[in-house]
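Worksheet: one structure, shown below.
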Amino acid sequence: MRPELDTEGAAAPPRVNGEIVFDDAWQSRVFATTMAACDAGLIDYESFRPQLIAQIARRDTDGTGLHAATYWEAWQDAFEALALEVGLVSPAEIDQRAAAFATHS
C-alpha cells in the first residue's frame, strides 16, 4: 500500500495546485525509487519520514522552509541513510547508483 504523504509541515513535498513539483529528472527518480521501495516492503515510510524531517532540519537553518531543489536533496539523503540502515544497499552501491543517476539527468 502506498504511504500517505504529508500535505503540510516539514515533510510535505513541494506542490503546485496539489501536484508534487520536481525541478529535475533526478528528483522524480529518487521519489519514485523511494515509493517503489515502500510499495515492495523494502523500507517503511514511517521509518523514512523521521529521517526526512531530520535532513530538512539540517538544511533549514533559518526556519523559513526549503526551496524545492534543497527539499529533494534532503529526501535523497534520507532515503540513502535508511537504505543503508536497513541493509538494502552498501555504501559502494550508493556511490555507483548516484553516479548512474548523475549521468542520466
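The values are calculated or read from the model by the stated rules, or taken from the named source; none is laboratory data. All values reported here derive from a predicted model rather than from experimental measurement. Every residue, glycine among them, receives a Cβ derived from its backbone with ideal geometry; neighbour counts consider all protein chains shown. Accessible surface areas use protein heavy atoms only, side chains included; no ligands, DNA or RNA. Shrake-Rupley method; radii C 1.70, N 1.55, O 1.52, S 1.80 Å.
May I ask you to give the solvent-accessible area per residue for the range 2-105, in square angstrom, as obtained with a 1.4 angstrom probe?
Value for the range 2-105: 57 Å² per residue.
Using a Gaussian network model on the chain with a 10 Å cutoff between Cα atoms, which of Gly18, Gly87, Gly65 fluctuates the most?
Of Gly18, Gly87, Gly65, the most mobile in the Gaussian network model is Gly18.
Just to confirm my numbers, what's the Cα centroid distance between the range 15-59 and the range 70-86 in Å?
Between the Cα centre of the range 15-59 and that of the range 70-86, the gap is 8 Å.
Here are several values of Kirkwood radius over Cα pairs in Å: (1) 14.9; (2) 14.2; (3) 15.8. Which one was derived from the coordinates shown?
Here the calculated entry is (2).
Quickly estimate the mean residue ellipticity at 222 nm for the chain, helices only: each DSSP H run with n ≥ 4 gives -39500 (n - 2.57), and the total goes over all residues, rounded to 500.
Computed mean residue ellipticity for the chain: -19000 deg cm²/dmol.
Not counting the cut sites, what is the longest span of the chain without GluC sites (Glu not before Pro) that DSSP labels loop and that have at most 13 other Cβ atoms within 10 Å?
Longest site-free region, per DSSP loop and neighbour criteria: 9-105.
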